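The values are calculated or read from the model by the stated rules, or taken from the named source; none is laboratory data. Predicted model only: the values in this text are computed from it and were never measured. Counting neighbours? That spans all protein chains shown, and the Cβs are built from the backbone with ideal geometry, glycine included. The accessibility values were calculated without ligands, DNA or RNA, using every heavy atom of the protein model including side chains. Shrake-Rupley method; radii C 1.70, N 1.55, O 1.52, S 1.80 Å.
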Amino acid sequence: MGDLDTGRTKVAEDGHTLILGWNEATMRVVVQTSFLRRQYQMLNESKYFGILYYFPFLAAPLGYFEMLERPSTSLANSDICIMADNKSKEEMHILLEQTLSERGINPARTRLGMNIICRIGDPTNTNDLIRVAAYKAAAIVVMMTESDQE
């Protein structure tokens with residue numbers, strides 16, 4: 001259980017957006033991706049929402065999941081995983097929590113720890129990339145750090 005707090009556990013995601021590295025633009029990328037997720041969620045929750053709110057068992061017979069709007073990009077409907085080696089998981093959570101609340105991201109739509117997952121690891125290490133399921137990611141964003149410039 002101690003590994004959960006340190007951010008060194010394996011990510012059980014498929015089709016997620018993976019952000020490798022942390023710099024001053026990482027929080028802006030997360031905020032913009034969260035805005036995109038919110039637009040996609042709002043677009044799809046209005047479709048048949050009234051019927052399915054009161055009768056959720058009708059989702060499968062109505063083919064609700066086939067009637068959802070197709071996302072314009074995989075960023076719109078996937079969770080975000082951030083892997084960096086220059087910040088701790090706690091530091092990343094504090095910075096993201098502050099930035100998301102400043103920008104008005106609803107924590108009910110994009111949850112830190114559930115929809116935004118932070119992990120500690122070296123983006124150039126193959127074992128760390130396997131741990132964050134880079135081979136299953138729908139999109140990978142590489143953030144250049146100061147060590148990359150060296």
With criteria (1) at pLDDT below 80; (2) open to solvent by 30 Å² or more (accessible area, probe 1.4 Å); (3) within 18 Å of the chain's Cα centre (by Cα), GLU66 comes up short on (3)
Note on region 117-136: residues part of a loop (DSSP other than H, G, I, E, B) and either open to solvent by 30 Å² or more (accessible area, probe 1.4 Å) or of a type in the set (A, V, I, L, M) (or both) are ASP122, PRO123, THR124, ASN125, VAL132, ALA133
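Only residues that are of a type in the set (Ser, Thr, Tyr) and at pLDDT below 90: list them for region 125-150, please. I'd like the intermediate steps shown before the answer.
At the first step, the residues of region 125-150 found to be of a type in the set (Ser, Thr, Tyr) are 126, 135, 145, 147.
Of everything in region 125-150, those that are of a type in the set (Ser, Thr, Tyr) and at pLDDT below 90 turn out to be THR145, SER147.
Quickly run through region 88-108 and pick out the residues that are surrounded by fewer than 18 Cβ atoms within 10 Å (Cβ to Cβ) and either more than 16 Å from GLU24 (Cβ to Cβ) or touching a Leu at 6+ places or on another chain (Cβ under 8 Å) (or both). Even if it seems obvious, please write down each step before you answer.
Initially, region 88-108 is screened for residues surrounded by fewer than 18 Cβ atoms within 10 Å (Cβ to Cβ), giving 88, 90-91, 93-95, 97-99, 101-104, 106-108.
Answer for region 88-108, where residues must be surrounded by fewer than 18 Cβ atoms within 10 Å (Cβ to Cβ) and either more than 16 Å from GLU24 (Cβ to Cβ) or touching a Leu at 6+ places or on another chain (Cβ under 8 Å) (or both): SER88, GLU90, HIS93, GLU97, SER101, GLY104, ASN106, PRO107, ALA108.
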Query raised in the report: Hey, does region 95-118 have a residue that's farther than 15 Å from PHE35 by Cα and in contact with a Lys or Arg (Cβ under 7 Å, 6 or more places away or on another chain)?
Result: yes
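Could we say that TYR53 is at positive phi, among the hydroxyl-bearing types (Ser, Thr, Tyr) and modelled with pLDDT under 85 here?
Values: at positive phi: no; among the hydroxyl-bearing types (Ser, Thr, Tyr): yes; modelled with pLDDT under 85: yes.
Judged against the criteria, TYR53 is not a match.
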